[in-house]
Every structure is written in C-alpha cells, then in structure tokens.
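Undergrad: One structure follows; several queries about it will come next.
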Amino acid sequence: MSLSIGIVGLPNVGKSTLFNALTQKSVPAENYPFCTIDPSVGIVAVPDTRLDALAEFSSTQKKIPAVVEFVDIAGLVEGASKGEGLGNKFLANIREVDAILHMVRIFEIQDDTGSEQTHVYGSIDPLRDIKVINMELILADMESVQGRISKLERDVKRGDKTALFESATCQKILTALENERLANSVELSKEELSIVKGLHLLTMKPVMYGLNKKTGGNNLDRTEPEKFAAIVSEIEKESAQYVVIDAKTEHDLSEFEGEDKQMMKEDINHTDDGIDELINRAYRLLGLMTYFTTGEKETRAWTVKIGSTAPQAGAAIHTDFLKQFIRAEVIECNALLNAGSFSEARSRGLLRTEGKEYIVQDGDVIEFRV
C-alpha cells in the first residue's frame, strides 16, 4: 500500500531540514516494491516497539517495519495559485499526495553573526504563514470547482437531475472556499462526498501541522504564550492535528543511535521524541494501522487501512489472499507476548479463528489460511 504525506511550507521554516532528518530513518526500498524511487521521497520506518518485541519473541532472522512515504514538496510563495515562483510544480505535487504536513516556524533566534535567521516576510507570524498557504490552496480549488460548475451549465439548464445535484454540491463547496474555509470543513452527505472526491481538491486532504521550534531558542510557546494559544486554536478550528518539533535538532540527532543518541539529547537538554511522534501521527493521519506476521524467518509489520476485513488485510501480503481466503488465526500482540508461545496462547484460548467478516485490529498477529 503506497500512501504518502507531502511536506509543505514557506521558505526557511524548516521543511527541508525535517525531510533530511526523516530520510536518515529511511529503510531499504527493495522491501517495498510499491514505493517511488525518487530523491524527494523518503520511505520512513514507523517506530513500533511491538515489532521489536515480536522479533525477539520469534528469534527472527529478518525484521521489516511498516513505512510511510514523506514527499518534499516544492517551496511555495504567495501567488502560487497563479503560477508564481514554483507554484505550478507545488500544486501538481501536492495533488499527488494523500495528506499534508504543513511546517510552520514558531521560533526567532539569532545565528552566529548575531543576525536573525531570515524569513520570507521578515518577521515571525505563524497565523499569517498558515493563511498564506491555505489561501493558495483555496484559490486553486476555487478554480477547479468553478470550472466544473461551468461544464455542468448546459445539463443544468435542461433540468438534468444528476447535473443539478452535482452543481448544487459544487456550489456548496465554492461558497465555503469564497469564505476562506477549507473544503474539508464542509459537512457532506455520502452522495455529495462521492462527487467532491472526484474533484481532487487540495483542501479536502487531511492536514497535520508541524510547529517548528528551537531547543533553547525564543519559541512562541514560551515568549508569547497567547500568540501560541491562538495558533493552536486556529488549528483546532480546522479539526487538524499538530506536533511541536525541533527539526534542526532532530536532524542532528538522526546521525546517532542508542546510548550515544541519549547522551546527545541530555547534553543539549532535548527531552522530546518529536520525530517519532510525528511519524506515528502521520501514519494515523493517512488512516493506516498495523498488523503483524511473525516467525523464525521474518517478523513484519503490514500496513492496511483502518477498518479492513481479514481478506483485505491478507491482500497486503499477496493479492490471492483476497479471493482465496478461508480463515485466519488471530491474537493480539501483547497477549501473545505475555503467553510466551503460540502453543501456550492456544491452550489459554487466546488464539482465535476468524472468518471473512472479521475487522482487523491494530496490533493483531495473524496467520492466514488460504
């Protein structure tokens, strides 16, 4: 399953720094043949202690994590919707991703020369920055919706019911966009949602904000808490998520592992696990969850959509599993680990046999029968 999250933001807000930190966590692409081989795409392992525990449990030879794709989207400037700067490339790339990670700078800090690190607008105002990018997405979507309404005009005039319903749905979205609201804020029926999905609107994509701070720096959450609270309030109005992260420090720390990394964090008083939290949040933002298979040869975390049935989950391993599925033996990961062995789990009645209608749960350990 190839689903991706695009990193967007104004120049000099930490977008590329974060992407470079993420790519330090990249995994070998040969295990994921569906993934794009492109320098702007990072195939990043999803941190999961359950995978490590299961690999130890099975004394496995090979361990393969779940992954999420992060895409470094071309930089944006005001006027992107009209083709300014790299606007056309930005909009084309963002249409191809499934969700958006919007990086926003919340720090002001001097560099070694004593001058402020530059910002495209010369000052730090996260609310302004958020609105600049959102407005470019809104303007692009307005053009798409207006174009569709125009194409429907002939059928609307002759009273075609399908065209009338589609046009009314488009008008509903257009009204929201004209009022500077994102399309994903509009309440839609199942039928309306089906129409809107066909428009591939930028502001329908799920969004998470990365609030980029500096460890030990002048961050708004400390220097101007009221301003920071206003940012959080604006994000919550969008029903979006946010993660506070120090992209530069995470990039520096990405070169270290284990005790060395912990020592570095202590030396600089960096207590956050921001990048791991961000990866896990991004995974959930895409509507994904993990189930496991485990044995001596391989322990693997498989990625499926939340709400997948057992046959659909099996198709992540091989498409034949979808049609040839008979049953699955299922146990929750921690229950298996606590039992100590499959035979003990079976004797305790913890290992269940499930059929085609079973909805796979995050953390299930499954053996499929086909």
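The values are calculated or read from the model by the stated rules, or taken from the named source; none is laboratory data. Note that the structure is predicted; figures quoted are calculated from it, not measured. Cβ coordinates were reconstructed from backbone atoms using ideal geometry, including for glycine residues, and neighbour counts include every protein chain displayed. What goes into the accessible areas is simple: the full protein's heavy atoms, side chains included, and nothing from ligands, DNA or RNA. Shrake-Rupley method; radii C 1.70, N 1.55, O 1.52, S 1.80 Å.
Undergrad: Just to be sure I understand the model, the point goes 7 Å from the Cα along the line to the Cβ. What's the resulting ALA92 to HIS119 distance in nm?
TA: Here the answer is 3.2 nm between the modelled labels.
Undergrad: What does the extension gain come out to for ARG369 and SER347, with contour length at 0.36 nm per residue minus their alpha carbon separation?
TA: Details: separation 22, 0.36 × 22 = 7.92 nm, distance 1.99 nm.
Going from the current span to full extension adds 5.9 nm.
Undergrad: Run the accessible area of the range 221-370 with a 1.4 Å probe and give the carbon-and-sulfur part as a rounded percent. List each step's numbers first, then the result.
TA: Numbers: 3730 of 8080 Å².
For the range 221-370, the apolar C and S fraction of the accessible surface comes to 46 percent.
Undergrad: Report the extension gain between MET263 and PHE165 in nm, rounded to one decimal, defined as 0.36 nm multiplied by the number of residues separating them, less their alpha carbon distance.
TA: On the way: separation 98, 0.36 × 98 = 35.28 nm, distance 6.14 nm.
Full-extension gain reported as 29.1 nm.
Undergrad: For the range 185-268, state which chymotrypsin sites (Phe, Trp or Tyr not before Pro) are in a DSSP loop and have at most 15 other beta carbons lying within 10 Å of their beta carbon.
TA: On the way: sites: TYR209, PHE228, TYR242, PHE256; in loops: PHE256.
Hits after loop and neighbour filter: PHE256.
Undergrad: Where is the GNM fluctuation largest for the chain (alpha-carbon springs, 10 angstrom cutoff): LEU18, LEU164, LEU139?
TA: Top of the fluctuation ranking is LEU164.
Undergrad: Which value, in Å² rounded to 10, gives the accessible area of ASP252 with a 1.4 Å probe and all protein chains present?
TA: Here the accessible area works out near 70 Å².
Undergrad: Can you work out ³J(HN,Hα) from phi for every residue in the range 151-165, in order, using Karplus 6.51 cos²θ - 1.76 cosθ + 1.60 and θ = phi - 60°, giving whole Hz and x for Gly and Pro?
TA: 5, 8, 4, 4, 5, 5, 5, 8, x, 4, 5, 5, 5, 4, 5
Undergrad: Right, next: Counting pairs of Cα atoms in the range 135-284, how many percent are more than 23 Å apart? Present the calculation step by step, with values, prior to reporting the outcome.
TA: On the way: 6073 of 11175 pairs.
Beyond 23 Å sits 54 percent of the P(r) for the range 135-284.
Undergrad: Under 15 Å from a label point 7 Å along Cα→Cβ of GLU236: give me every residue in the range 202-218 with its amide N that close.
TA: none
Undergrad: A further question on this structure: So which of LYS205/LYS248; LYS213/LYS265; LYS213/LYS248; LYS214/LYS248; LYS15/LYS63 end up more than 19 Å apart by C-alpha? Present the calculation step by step, with values, prior to reporting the outcome.
TA: Values: LYS205/LYS248 27 Å; LYS213/LYS265 15 Å; LYS213/LYS248 9 Å; LYS214/LYS248 8 Å; LYS15/LYS63 30 Å.
Over 19 Å apart, Cα to Cα: LYS205/LYS248; LYS15/LYS63.
Undergrad: Looking at the chain as a GNM with Cα springs under 10 Å, which of ILE100, ILE326, ILE235 has the largest mean-square fluctuation?
TA: ILE326
Undergrad: Gain in length, ASP155 to ASP276, computed as 0.36 nm per residue apart minus the alpha-carbon separation, to one decimal in nm?
TA: Working: separation 121, 0.36 × 121 = 43.56 nm, distance 5.11 nm.
Value of the extension gain: 38.5 nm.
Undergrad: What is the sum of charges, Lys and Arg at +1 and Asp and Glu at -1, for the other residues whose Cβ falls under 9 Å from the Cβ of GLY9? Let's see the in-between values first.
TA: Working: positive: LYS15, ARG105; negative: ASP129.
Neighbourhood net charge equals +1.
Undergrad: While we're here: In the range 251-323, which trypsin sites (Lys or Arg not before Pro) are in a loop and have at most 15 other Cβ atoms within 10 Å, using DSSP for the loop call? Walk me through the numbers before you get to the answer.
TA: Details: sites: LYS261, LYS265, ARG281, ARG284, LYS297, ARG300, LYS305, LYS323; in loops: LYS297.
In loop regions of the range 251-323 (DSSP not H, G, I, E or B), the sparsely surrounded trypsin sites (Lys or Arg not before Pro) are LYS297.
Undergrad: Mind running the shape call on the range 237-370? Use the C-alpha gyration tensor, a ≥ b ≥ c as the square roots of the eigenvalues: rounded below 1.5 for a/c, prolate if a/b tops b/c, oblate otherwise. Mind dumping the intermediate values first?
TA: Details: a/c = 2.71, a/b = 1.77, b/c = 1.53.
Taking the square roots of the gyration eigenvalues as a ≥ b ≥ c, the range 237-370 is prolate.
Undergrad: So what is the accessible area of the chain per residue, in Å², with the probe set to 1.4 Å?
TA: Each residue of the chain exposes 50 Å² on average to a 1.4 Å probe.
Undergrad: Straight-line reach from LYS227: which aspartates and glutamates have a Cα under 18 Å away, not including same-chain ones fewer than 8 places off?
TA: GLU108, ASP125, ASP129, GLU236, GLU238
Undergrad: Which GluC sites (Glu not before Pro) in the range 163-251 sit in a loop by DSSP (not H, G, I, E or B) and have at most 11 other Cβ atoms within 10 Å of their own Cβ? Spell out each step's value before the answer.
TA: Details: sites: GLU166, GLU178, GLU180, GLU187, GLU191, GLU192, GLU226, GLU234, GLU236, GLU238, GLU250; in loops: GLU180, GLU187, GLU238.
Taking the range 163-251 and a limit of 11 other Cβ atoms within 10 Å, the loop GluC sites (Glu not before Pro) found are GLU180, GLU187.
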